[in-house]
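The structure appears below as structure tokens.
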Amino acid sequence: MTSLPDALVAGVPAGAGWLVAAIAWPVIALLLVIAGGERLAARVGVLALPIGLAIAAAVALGVAGSGELVYHVGGWAPPLGIALRADGLSAAMLLVTAVVAGGAGIYALADFGPPRAGASGRTTLAFWASLLGAWAALNLAFLGNDLFNLYVALELLTFAAVPLVCLDGRAETLKAALRYLLYALVGSVLYLLGAVLLYGAYGTLDLGLLAKAAQPGPATWAAAALMTAGLLAKTALFPLHLWLPPAHAGAPPAASAVLSALVVKGSFFIVLRLWFEALPGLANTASMQLIGLLGAGAILYGSALALRQTRLKLLVAYSTVAQIGYLFLVFPLAFDAAAGRLVAGAALTGGLLQAVSHALAKAAMFMSAGLIAVTLGHDRIAGLAGLARARPASLLAFALAGVSLVGLPPSGGFAAKWLLLSAAVATGQWWWAVVIVLGGLLTGAYLVLVLMRALEEPAAPAAPLQPVAAWRETAPLTLALLAVLMGLAGALP
């Protein structure tokens, strides 16, 4: 029987066909959703989720067996053609994207399921089309090995993610979506200008060829600065974070989970590719410390603002601003001053674990916050009293996700932060260790604040609660448990 990747592409080297399938399958599902229309969108979307997860698992198994999978599109190797490539970083991000997208899709069935007779299904169609479009764009970003194709992935991701922000059509969410679009488009222009400079200087945009040809110089530095600034705007790194809290807090919970857990990781992943692979010799102490300083600012500023929030979803959104900062501590901690370049090691592994564990935990938090809001009719932190009895499973999922964000053992967040702390100690950069510890304490403070409110007994009898199907709690609880169990991955290579 012909396998899926063989059916999609003929003549592809063994195993590499899964790379094509990882990009092609969400696109095929998206086209089927559009063709099926409002009535079939949810059914087609749900059926597409396990197949996408199976493809991501196949890529991960292929990488585990051979170390790397490469496919030259059309049979032409760079510089004449373009390549798709999967390594350990790609495989991990493909898997977590498929898992989170699957959880978000299951959770969304109550909000964006098949429309009832006589009801409009436009938002259902928009959600599933946007989810599958974002999934395809993320997979392209994780597998692309050419800076222009990564630009295409960024643009597709932006135009799939913006509708997720304003699915309900309210004025405030439309405003948040437009602000996000503005930041994203400015970021895209800066990135493209940098790519043009690199192509003009070296005649290629392939990551491997650039790594061999690129030399420190005015054009290379200008290109790196432009591209990095554009990608930081898309990632919402402090102080370019202003679009993120209203966009993520105002979107429906399933959409918020995808935006916060996955979408911002696409641009961060490209920053890693740019500095670690395309321009590894360009890094110096000053530039890496500057990126780390922005990450530290995000950790402290985002955590402080999260403590001041009165709404649960806004607290979770500002928590995302803070947690993104840990990802950018990778750069100063992975810089080898003696060699004058970035090196893979504990810092990069810690950054990958942080990206994966944060994706799982933050998706679980947004979904739990959505169920809490449905149950209580609001998401005001001051009014959470009695939640422990009203919605214990949702509160447990929220707490478990928080354990990972704080960095308590044995969670994935603990493994990530321990590796970053180890790198800080090994390189003598104690100031980053202080930031990591302070960030964990601030995260613990706003998590405890929420849990204390939720465990209080209500002063007055609670109003009649809105019913929530028990099966909806399985998605956030499963993702939260995975975020905790990710700590076991710290024992793997």
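The values are calculated or read from the model by the stated rules, or taken from the named source; none is laboratory data. Because the structure is a prediction, the values reported are computed rather than measured. Every residue, glycine as well, gets a Cβ built from its backbone with ideal geometry; the counts of neighbours run over all protein chains shown. Note: accessible area is taken over every heavy atom of the protein model, side chains too, but ligands, DNA and RNA are not part of it. Shrake-Rupley method; radii C 1.70, N 1.55, O 1.52, S 1.80 Å.
For Ala393 and Val189, calculate 0.36 nm times their separation in residues minus their Cα-Cα distance, and state this gained length in nm to one decimal.
Working: separation 204, 0.36 × 204 = 73.44 nm, distance 4.44 nm.
Taking 0.36 nm per residue and subtracting the Cα distance, the gain is 69.0 nm.
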For this session: Identify all lysines with a Cα-Cα distance to Lys175 below 24 Å; exclude those on the same chain that are fewer than 8 residues away in sequence.
Result: Lys234, Lys265, Lys313, Lys362
Exercise. For region 235-305 and region 29-45, what is the separation of their Cα centres, given in Å?
Worked result: 32 Å
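Could you give the length gained by full extension between Ala57 and Leu182, i.e. 0.36 nm per residue of separation minus their alpha carbon distance, to one decimal place?
Working: separation 125, 0.36 × 125 = 45.00 nm, distance 3.53 nm.
Extra length from Ala57 to Leu182 when fully extended: 41.5 nm.
How far, in nm, would the chain grow between Ala77 and Val448 when pulled straight, counting 0.36 nm per residue and subtracting the alpha carbon separation?
Details: separation 371, 0.36 × 371 = 133.56 nm, distance 5.39 nm.
Gain on stretching Ala77 to Val448: 128.2 nm.
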Seminar exercise, completed: Phi-derived 3J(HN,Hα) across region 400-413 with the Karplus relation (6.51, -1.76, 1.60, θ = phi - 60°), rounded Hz, x for Gly and Pro, is 5, 4, x, 4, 5, 5, 5, x, 8, x, x, 6, x, x
Exercise. Using alpha-carbon pairs under 8 Å, 6+ residues apart, how would you state the relative contact order of the chain in percent?
Worked result: 13 percent
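Rounded to the nearest 500, what is the chain's calculated 222 nm mean residue ellipticity when only DSSP H runs of at least 4 contribute -39500 (n - 2.57) each, over all residues?
Details: 20 runs with 349 residues, N = 493.
The helix contribution divided over the chain gives -24000 deg cm²/dmol.
Which of the peptides 225-233, 397-405 is most tightly packed, and how do the rest follow, judged by the mean count of other Cβ atoms within 10 Å per residue? List each step's numbers first, then the result.
On the way: 225-233: 22.8, 397-405: 27.1.
Answer by packing, highest mean first, reads 397-405, 225-233.
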Exercise. If one computes the Cα centroid of region 358-376 and of region 168-202, what distance in Å separates the two points?
Worked result: 28 Å
Exercise. Roughly speaking, to the nearest percent, how much of region 173-258's 1.4 Å accessible area is carbon and sulfur?
Worked result: 77 percent
For this session: Among (1) 67, 51, 39; (2) 77, 58, 38; (3) 70, 56, 42, find the value of Cα extents along the principal axes in Å that was calculated from the structure presented, and write down its label.
Result: (3)
Exercise. If r is the Cβ-Cβ distance from Arg308 to Trp430 and R0 is 30 Å, what FRET efficiency results, to the nearest 0.05?
Worked result: 0.55
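Tell me whether region 144-225 comes out rounded, prolate or oblate; compute the Cα gyration tensor, take square roots of the eigenvalues as a ≥ b ≥ c, and use a/c under 1.5 as the rounded threshold.
Values: a/c = 4.87, a/b = 2.56, b/c = 1.90.
Since a/c reaches 1.5 and a/b is larger than b/c, the shape of region 144-225 is classed as prolate.
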Exercise. Put a dot 7 Å past each Cα toward the Cβ at Ala337 and Val196; how far apart are the dots in nm?
Worked result: 3.9 nm
For this session: Kindly sort Leu488, Leu371 by accessible area of their heavy atoms, largest first, with the probe set to 1.4 Å.
Result: Leu488, Leu371
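Rolling a 1.4 Å sphere over the protein heavy atoms, what is the accessible area per residue of the chain, to the nearest Å²? Mind dumping the intermediate values first?
Working: 18710 Å² over 493 residues.
Per-residue value: 38 Å².
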Exercise. Quick one: what does P(r) look like for region 344-493 with 5 Å bins over all Cα pairs, in whole %?
Worked result: 2, 10, 18, 19, 16, 12, 9, 6, 4, 2, 1, 0
For this session: Between Thr474 and His378, with labels modelled 7 Å along Cα→Cβ, what's the label distance in nm to one decimal, could you check?
Result: 3.3 nm
